[in-house]
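Scroll down for the structure; my scribbles are underneath it.
The values are calculated or read from the model by the stated rules, or taken from the named source; none is laboratory data. A quick note: this is a predicted structure, and the numbers were derived from the prediction, not measured. When we count neighbours, we look across all protein chains shown, and the Cβ atoms used for this are built from the backbone with ideal geometry, even at glycine. Ligands, DNA and RNA are excluded from the accessible area calculation, which covers all protein heavy atoms including side chains. Shrake-Rupley method; radii C 1.70, N 1.55, O 1.52, S 1.80 Å.
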Amino acid sequence: MTIVANQATIAVRNAQLFSRMLQQQRQLEAVLHAIPDLLMVLDESGSILLINEPAATLIDRPGDTLIGRSLAEFVTIDGVDGVLEQIQQIIQTPLQSGGNWTFEVRSERQKRDYLVSVSVWENPPAQTAGYVVVLRDVSTLRDLTRFKDEMLRIASHDLRSPLALIVGYCSLIELDIAPDSPINDYLQTIMRATERMKGLLDAMVRVEQIRKSPLEMHEHVIFAELVRQAAANMQMAIYNKQQQMDMQIHLEDAPGVTVNSVLLRECMENLISNASKYTPDGGRIIVRAYRHESRLIYEVEDNGIGIPKEHLPRLFQSFYRVKQPGTEGIEGRGQGLSLVKTVIERHAGDVWVESEPGVGSRFGFWIPI
Ligand code: ADP
């Protein structure tokens, strides 16, 4: 009886384990089929162990008919696109423990762009290994980028040419009318508006160029020197508003850094310029620079109008300007902070802001040593 009871217990436990395993497998399958990403699990030789329906569309067959088949059989299916071929090339190389590859491809056949990630999976106890392939559809993102690039091309060329014509003809009309004619005022207004529009286009194109083109960061500079130059360049603006600028530079132990000095100084000047612009006459501005571990930190603090909290997350976006009492007459294009963020990120650093309305703001960035 005891022997029978023991064996029955084992049998019951095995049955319970089996049903739990089945349940987990069904849950896993449900998750795999629910995710919109294209997913394939392959073994070491490239045979398909698991594939969800979105991924099966790549091969043009129902998912359940593909289990156990080798990916190599289908590489020619997507013709010149080579989506599967690129994955197959990775799988053909000897399996590297912890390997991970990411690349982007476009499938002309499906008219989609994919961000592909291939990573190695391993199960040492069972001596099995293989690859998990995930393709994320990034077509909308790519379409938006293409649209943005096209808009920028239009902005940088097609819009600038008519603006130059407007300015040119305004100057011609000016020559033809009496000096005391009221038309002179109209012309000046047109020219000012056109100049402003040209300035906006130039600033936008410039930020985009910096974002895209490789930055030449080959100048070895003393960070403290750059800060002093930036502050000196802004001295006039501060003086004109009877503001006071205090410098707190503690960089005695900081080594030189390799940067793009023109752009970095421009970022420093931008933050001082903003502090001065958005602080009433007679205000106080503190420019701080110091080292914290392996970072060089630059900060500009003012006791100006401050910024309501809800605007802070969007301040560094292109063209974002805060409309609040006190800023009505202040000229700006909403491009300064966007440029700062772009340049600092290209230096592998980051930007930040803290602010309280009516008390003041503190803008800063760090770059790695
Ligand atoms: P711009 O100053 O040309 O409008 P920026 O990109 O430099 O553009 O700044 C974006 C917005 O952030 C500004 O319009 C302003 O509302 C806000 N801002 C920037 N610096 C400060 C500051 N020191 N104090 C208060 N508001 C600021």
Residue count for the range 242-254, restricted to those that are at pLDDT below 95, open to solvent by less than 70 Å² (accessible area, probe 1.4 Å) and among the charged types (D, E, K, R)
0
For the range 255-267, enumerate the residues that are over 19 Å from Ala232 (Cβ atoms) and surrounded by 17 or more Cβ atoms within 10 Å (Cβ to Cβ).
Val257, Asn260
Among helices (runs of 4 or more DSSP H) lying entirely in the range 50-162, which contain 3 or more residues that are open to solvent by 90 Å² or more (accessible area, probe 1.4 Å), under 30 Å from Ala203 (Cα atoms) and not hydrophobic (A, V, I, L, M, F, W, C)?
139-153
Which residues, taken from the range 19-49, are part of a strand (DSSP E or B) and not polar (S, T, N, Q)?
Leu38, Leu39, Met40, Val41, Leu42, Asp43, Ile48, Leu49
Number of positions in the range 198-219 that are open to solvent by 100 Å² or more (accessible area, probe 1.4 Å) and either in contact with a Phe, Trp or Tyr (Cβ under 8 Å, 6 or more places away or on another chain) or within 19 Å of Asp149 (Cα to Cα) (or both):
4
Within the range 137-147, is even one residue closer than 30 Å to Ser45 by Cα and in contact (Cβ under 8 Å) with a residue 12 or more places away in the chain?
yes
Checking Leu42, Leu17, Leu22 in turn, the sole residue that is over 30 Å from the mean Cα position of the chain (by Cα), surrounded by 15 or more Cβ atoms within 10 Å (Cβ to Cβ) and at pLDDT 90 or above turns out to be Leu42
Count - residues of the range 325-337 that are open to solvent by less than 80 Å² (accessible area, probe 1.4 Å) and either under 28 Å from the mean Cα position of the chain (by Cα) or more than 8 Å from the ligand (Cβ to nearest atom) (or both):
7
Determine whether Glu345 is farther than 25 Å from Arg196 by Cβ, within 11 Å of the ligand (Cβ to nearest atom) and open to solvent by 70 Å² or more (accessible area, probe 1.4 Å).
no
Suppose the filter is under 30 Å from Arg153 (Cβ atoms), surrounded by fewer than 17 Cβ atoms within 10 Å (Cβ to Cβ) and more than 29 Å from the chain's Cα centre (by Cα); does Glu195 pass it?
yes
Confirm whether Gln27 is open to solvent by 90 Å² or more (accessible area, probe 1.4 Å), within 18 Å of Val132 (Cβ to Cβ) and not aliphatic (A, V, I, L, M).
yes
Can you find a residue in the range 360-368 that is free of Cβ contacts under 8 Å to residues at least 60 places away in the same chain, surrounded by fewer than 19 Cβ atoms within 10 Å (Cβ to Cβ) and not hydroxyl-bearing (Ser, Thr, Tyr)?
no
Taking only pairs six or more apart or across chains, which ones have beta-carbon atoms under 8 Å, a first residue in the range 17-44 that is under 17 Å from Asp64 (Cβ atoms), and a second residue that is of a type in the set (Phe, Trp, Tyr) and surrounded by fewer than 16 Cβ atoms within 10 Å (Cβ to Cβ)?
Val41/Trp121
Filter the range 348-359 down to the residues that are open to solvent by 20 Å² or more (accessible area, probe 1.4 Å) and of a type outside the set (Val, Ile, Thr), then identify the one that is nearest to the ligand (Cβ to nearest atom).
Ser355
Being within 10 Å of the ligand (Cβ to nearest atom) and open to solvent by 20 Å² or more (accessible area, probe 1.4 Å) is the filter here; which residues of the range 274-292 pass it?
Asn274, Lys277, Tyr278
Residue list for the range 60-96, filter: more than 33 Å from the chain's Cα centre (by Cα), modelled with pLDDT of 85 or more and β-branched (Val, Ile, Thr)
Thr65, Ile67
Subset of the range 293-313 (residues that are more than 13 Å from the ligand (Cβ to nearest atom) and not in a loop (DSSP other than H, G, I, E, B))
Arg295, Leu296, Ile297, Tyr298
